[in-house]
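Worksheet for the structure shown next.
Nothing in this text is a laboratory measurement; each read-out follows from the coordinates by a stated rule. As the structure is a computational prediction, the values presented were derived from the model and not from experiment. We place every Cβ from the backbone using ideal geometry, glycine too, and count neighbours over all the protein chains shown.
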Amino acid sequence: MTPITLLLQAAPDQNFGLRMMLNFALIIPIFYFLLIRPQMKERKRHEKMVEGVKKGDEVVTNGGLIGTVIHSDGHRLTVRTGESTRVTVDRGRVASVLEEKDHLNMRSEE
């Protein structure tokens, strides 16, 4: 064999295991900061918002119902969606609490 042929042949990578470990060591923090941490912060924000729902708040449910909370009982809320329509929803299914300015913006769009 000539020296050129030996140089052209692929030599086995002796640092393959080290490179693989380094890749995993870099992927784990990337996943944590880009996926896991923001999701945990959003979950905590949502839990805090749901715990603060009280009588008289205007809420939007995950199903899209918009109404006013008329009764709060543990994990359940009674929401008035119309003049005589009352719906009981799980507290965790509240998507957002509308603020007064959001409520006024919705009225002006109609």
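Sorted ascending by nearby beta carbons within 10 Å, beginning with the fewest, D73, D57 become D73, D57.
Arranged by the count of other C-beta atoms within 10 angstrom, fewest first, what order do H75, H46 take?
Details: H75 10, H46 14.
Listing H75, H46 from fewest to most nearby Cβ atoms yields H75, H46.
Amide hydrogen proximity for S96: with H placed 1.01 Å from N in the peptide plane, the residues at 5 or more positions away or on another chain lying under 5 Å are V60.
The label point for L26 and the one for E51, both projected 7 Å from the Cα toward the Cβ, are 4.0 nm apart. Applying the criteria of a DSSP loop state and at most 13 other Cβ atoms within 10 Å to the GluC sites (Glu not before Pro) of the range 34-72 yields no site.
Loop-located trypsin sites (Lys or Arg not before Pro) in the range 41-105 (DSSP state other than H, G, I, E, B) with a sparse environment of at most 10 neighbouring Cβ atoms within 10 Å: K54.
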